[in-house]
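The values are calculated or read from the model by the stated rules, or taken from the named source; none is laboratory data. Every value quoted in this text rests on a predicted model; they were computed, and no experiment measured them. Note: ideal-geometry Cβ built from the backbone for every residue, glycine included; neighbour counts use all protein chains shown. Quick note on the areas: whole protein, heavy atoms, side chains included, nothing else; ligands and nucleic acids left out. Shrake-Rupley method; radii C 1.70, N 1.55, O 1.52, S 1.80 Å.
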Amino acid sequence: MAADSSQSILVTGAGGFVGQALVRALSTDWRVTATDRAGLGFADLPGVTALPGDLADADLIARATAQPLDAVIHLATIPGGAAEADPALAARVNVAASMALIDAAAAHGNRPRVLFASSIAVFGDPLPPQVDDDTPLKPMLRYGAHKAMIEEWIATMTRRGAIRGLSLRLPGIVARPKGPSGMKSAFLSDLFHDLRAGRPICLPVSPQATCWLLSRRTLAGQLVKALALPEDPADTRLTLPALRVTLRDVVAEIARQTGADAALVSHAPDPALEAAFGNQPPLSTPRADALGLHHDGSLAALVAHALADL
């Protein structure tokens, strides 16, 4: 899809960590409608229309999709820990509102491109010895199950010819703002904040814990590139490429780039968090690789990109 300023796109979750960077990346080539409950600070972008509101509100969806859209990027979600704490809210936003949004966007009959921010949580835990494009889905968290449900709805609506859908499974994205996020993996971002600031931090995983990470800058680039694919991939589900790194190496690289003392980091492994976020095996993503979707390239680049966002 070759974008021009006459094309319209809706971005949900636009006030979030990823959404803010994505809207700015899209604003030069698209007419963007940005919706979120808060944080829509795009007054300096004339091509962006802010539409604050709750995605679970049917009126908001009706207003956001009143005119035909060329594309939708659906980022809004109730994440893992928050979804477990409030299952009813998570079901309303992650499932019911997501389905309603997709249906409303499809109702004009113009087959919009729909990109859905899914998650590696669809694979569940424990993970198999290697994850690739054919790894079966076995979610354990409500969040992962919800993502898998919407992946299937997007696949169904694509088969029906209603949309041109693509679900992109996101790994850990760093470094998100410090503070309550509802994410069980928040410690991965807190590490960057605390170590750069010279504050001690105790991680709930071991030094040898392995995880898949991607910077916000690179993820935004992947989303923009996926939006512009000239042809629809044969499979509507893609696991995004990510760097597989150990926490020991991440700590060492942050310390190298910031001059911080790596000894500020201690470890008190939590078995559940180690299993979910510290035991991620080798990752193979040939379908995404073939489409030109790439990770940060090196741990040094990943850390530099993440630190630049703090």
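Assorted remarks:
- Residue in the range 59-68 that is buried (at least 17 other Cβ atoms within 10 Å of the Cβ), under 22 Å from Ala121 (Cβ atoms) and β-branched (Val, Ile, Thr) present: no
- Just one of the listed residues (Thr239, Thr246, Thr258, Thr210) is within 30 Å of Ser8 (Cα to Cα) and hydroxyl-bearing (Ser, Thr, Tyr), and it is Thr239.
- Which listed residue is at pLDDT below 95, open to solvent by 30 Å² or more (accessible area, probe 1.4 Å) and not aliphatic (A, V, I, L, M), from Gly39, Gly80, Gly109: Gly39
- Tabulated pairs, the range 90-110, first of a type outside the set (Gly, Ala, Ser), second open to solvent by 60 Å² or more (accessible area, probe 1.4 Å), C-beta under 7 angstrom, 6+ apart or interchain: Val95/Met149; Met99/Trp153; Ile102/Trp153; His108/Pro68; Asn110/Pro68
- Any hit, the range 51-58, residues being more than 21 Å from the chain's Cα centre (by Cα) and either closer than 20 Å to Leu168 by Cα or hydrophobic (A, V, I, L, M, F, W, C) (or both): yes
Each row is one residue, and each column tells you yes or no for (1) part of a loop (DSSP other than H, G, I, E, B); (2) open to solvent by 30 Å² or more (accessible area, probe 1.4 Å); (3) among the charged types (D, E, K, R); (4) touching a Phe, Trp or Tyr at 6+ places or on another chain (Cβ under 9 Å).
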| site | (1), (2), (3), (4) |
| --- | --- |
| Arg176 | yes, yes, yes, yes |
| Phe192 | no, no, no, no |
| Arg196 | no, yes, yes, no |
| Cys211 | no, no, no, yes |
| Leu214 | no, no, no, no |
| Asp235 | yes, yes, yes, no |
| Arg244 | no, yes, yes, yes |
| Ala255 | no, no, no, no |
| Ala263 | no, yes, no, no |
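Here is a yes/no grid of residues against (1) open to solvent by 30 Å² or more (accessible area, probe 1.4 Å); (2) in a helix (DSSP H, G or I); (3) of a type outside the set (S, T, N, Q); (4) closer than 25 Å to Gly221 by Cα:
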| site | (1), (2), (3), (4) |
| --- | --- |
| Ala88 | yes, yes, yes, no |
| Arg92 | yes, yes, yes, no |
| Ala97 | no, yes, yes, no |
| Ala121 | no, yes, yes, yes |
| Asp133 | no, no, yes, yes |
| Met149 | yes, yes, yes, no |
| Ile173 | no, no, yes, yes |
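- If you go through the range 265-310 and pick out every residue that is open to solvent by less than 50 Å² (accessible area, probe 1.4 Å), touching a Ser or Thr at 6+ places or on another chain (Cβ under 6 Å) and within 21 Å of Leu127 (Cα to Cα), you end up with 3.
- Residue match in the range 54-69 (condition: part of a loop (DSSP other than H, G, I, E, B) and in contact (Cβ under 8 Å) with a residue 60 or more places away in the chain): yes
- Candidates Ser167, Ser206, Ser185, filtered to the one that is hydroxyl-bearing (Ser, Thr, Tyr), touching an Asp or Glu at 6+ places or on another chain (Cβ under 7 Å) and assigned to a loop (DSSP other than H, G, I, E, B): Ser206
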